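Remarks on the structure that follows.
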Amino acid sequence: MISALSCLVSLLLGGPMHGPNPDVRHPFNGEPHTVFLKNVVTRPNIEVGDYSYYNDEQHAADFENRNVRYHFDFVGDKLKIGRFCALASGTTFIMNGANHAMTGFSTYPFNIFGNGWEDGFEPATIFDHLRGDTLVENDVWFGTNSVVMPGVTICSGAFIGAHAVVASDIPPFAVAVGNPARVVRLRFDERTIERLLEIAWWDWPAEKISRHLSAIRKADLADLEKAAAEPDCVLDAKAKAG
């Protein structure tokens, strides 16, 4: 009842503030050190969801060139980052174009230098061993200078420690650290994680998120369950309609 009443009041007053505009380039008071990534990425092989940001004092807006490495169109792999991900300075994605052939005695890429060294090269020695797209789901936090190797899936709610090198998939709400990154613990018990993935607050309209920030910030599952069960407000319907 209280939520429905607050929704009605918001409508009468012209609507509340509901967070930053996800379509702005610099959401942190206009400061250049932080960007919403979807607004600076231009490559069609990189997809980023709303509110996911990158922080870098010097080169935040140049993320796709400096932090997504060896990402060649002819390879065909994609980098997909979901909503509400936080990427600290130096977070780097190594894509499949970095791979060298490992089927023979040498891994040296003779063929790329031409002048006869390309003769006899078999592309299958590389392309048959690529690992596919790199996928980051939602609400993932990357520590400073973390590195993600090709073809990895990092599930929602995970935390990647500073300087970690992620070479294998990371489960939901896991804390992974080290080189290679290893899961040291889960942030919540399995039942709670299962419900958090079902609730998927990160998919809610911004208006609903704003009304229930307290439940999202805390670790009280009952409160979040109540928020998830709340009927959609008219404001939410308008947000879904665009």
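To the nearest 10 degrees, how steeply does helix 190-199 sit against the main Cα axis of the chain, on a 0 to 90 scale?
Rounded to the nearest ten degrees, it is 70.
Per-residue HN-Hα couplings for region 101-115, Karplus 6.51 cos²θ - 1.76 cosθ + 1.60 at θ = phi - 60°, whole Hz, x for Gly and Pro?
5, 10, 9, x, 5, 10, 9, 5, x, 3, 4, 6, 9, x, 6
Quick check for you: with a 1.4 Å probe and neighbouring chains kept, what is the accessible area per residue of region 110-242, in Å²?
Computed with neighbouring chains in place, this is 54 Å² per residue.
Counting other Cβ atoms within 10 Å of each Cβ, which chymotrypsin sites (Phe, Trp or Tyr not before Pro) in region 40-94 have at most 11 and sit in a DSSP loop?
Phe74
Semi-axes of the equivalent ellipsoid for the chain, please: Cα gyration tensor eigenvalues, times 5, square-rooted, ordered largest first, whole Å.
40, 20, 15
Would you mind calculating the gained length between Glu31 and Phe74 on full extension (0.36 nm times residue separation, minus the Cα-Cα distance), in nm to one decimal?
Between Glu31 and Phe74, full extension yields 11.9 nm more.
Angle between the Cα long axis of helix 2-12 and the longest principal axis of the chain, 0 to 90 degrees, nearest 10?
So the helix axis and the longest Cα principal axis differ by about 90 degrees.
Leaving out same-chain residues fewer than 8 places away, which aspartates and glutamates sit with a Cα under 17 Å from that of Lys38?
Result set, ordered by chain and number: Asp23, Glu47, Asp50, Asp56, Asp62, Glu64, Glu137, Asp139, Asp203.
If Arg43, Arg131 are ordered by their accessible area, calculated over protein heavy atoms with a 1.4 Å probe, which sequence runs from highest to lowest?
So the residues, ranked largest to smallest area, are Arg131, Arg43.
Rounded to whole Hz and in sequence order, give me ³J(HN,Hα) for region 76-93 from the Karplus expression 6.51 cos²θ - 1.76 cosθ + 1.60, θ = phi - 60°, writing x for Gly and Pro.
Running phi through 6.51 cos²θ - 1.76 cosθ + 1.60 with θ = phi - 60° gives x, 7, 10, 10, 10, 10, x, 8, 6, 8, 10, 10, 6, 3, x, 4, 10, 10 Hz.
For region 8-106, what is the convex hull (Cα atoms) projected area averaged across all directions, in square nanometres?
Working: hull surface 35.7 nm².
With the hull built on Cα positions only, its mean projection is 8.9 nm².
Between region 59-101 and region 115-173, how far is it from one alpha carbon centroid to the other, in angstrom?
When both Cα centres are located, 9 Å separates them.
Would you please put 105-115, 167-177, 19-29 in order of how densely packed they are, using the mean number of other Cβ atoms within 10 angstrom per residue and starting with the highest?
The peptides rank, most packed first, as 167-177, 19-29, 105-115.
Using a 10 Å Cβ count of at most 14 others and DSSP loop calls, identify the longest part of the chain lacking such GluC sites (Glu not before Pro).
Longest run free of exposed loop sites: 119-242.
What accessible area per residue, rounded to a whole number of Å², is obtained for region 25-78 using a probe radius of 1.4 Å?
54
Just to check I understand the Karplus step: with θ = phi - 60° and J = 6.51 cos²θ - 1.76 cosθ + 1.60, what whole-Hz values come out for region 129-142, glycine and proline as x?
Computed from phi, the couplings for region 129-142 are 10, 6, 9, x, 5, 9, 10, 10, 7, 10, 6, 9, 10, 10 Hz.
Heavy atoms of the protein only, probe of 1.4 Å, neighbouring chains included. What is the accessible area of Leu135 in Å², nearest 10?
60
The values are calculated or read from the model by the stated rules, or taken from the named source; none is laboratory data. Because the structure is a prediction, the values reported are computed rather than measured. Glycine also receives a Cβ, built like all others from the backbone with ideal geometry; neighbour counts cover every protein chain displayed. Side chains are part of the model used for accessible areas, which takes the heavy atoms of the whole protein and leaves out ligands, DNA and RNA. Shrake-Rupley method; radii C 1.70, N 1.55, O 1.52, S 1.80 Å.
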